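To start, the structure under review is shown below, and the notes come after it.
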Amino acid sequence: MKTMSVPHTLSALSAGMPQDLRGKTEERGDARTSFADVLAASERRVNFSRHAVRRLEEREIVLSPQELERLDGMVDRMAAKGARQALILMNDTAFVLAVPKRTVITVLDGEHAKDNIFTNIDSAAIL
């Protein structure tokens, strides 16, 4: 019976990998961004539940990149203050969010938000 020696070090394993898979990073000018950095940044962004996406489509609400940045920044501020369930009003649009999960639960435009009662909200912000 033949035995085969298998190297057990990461450097030996990576030596057999194609060059483009070793230490994968994305170059941006002078800075190098690792996958972990990109993943961490994406986890800090606000997510939209399926229900919220459906409401955006039904009500023809389109958010610009600047509006998404404002929403994201406000969620950061609310999280720092310990908010859990929040209502954010921005440009005649109401967003109900689960702050710790950074997830928009539902979205209402001005017409659908009128005469509506929001319950289980511990924080609110107007942008």
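With r defined as the distance between the Cβ atoms of A98 and E58 and R0 fixed at 22 Å, what FRET efficiency is calculated, to the nearest 0.05?
Numbers: r = 21 Å, r/R0 = 0.94.
According to the calculation, E is roughly 0.60.
Work out, step by step, the length gained on full extension between E111 and Q66: first 0.36 nm times the residue separation, then minus their alpha carbon distance; give nm to one decimal.
Working: separation 45, 0.36 × 45 = 16.20 nm, distance 2.29 nm.
Length gained between E111 and Q66: 13.9 nm.
The numbers here are math on the coordinates, done by the rules we state, and not lab data. Remember, it's a predicted structure, so these values are computed and weren't measured experimentally. Cβ coordinates were reconstructed from backbone atoms using ideal geometry, including for glycine residues, and neighbour counts include every protein chain displayed.
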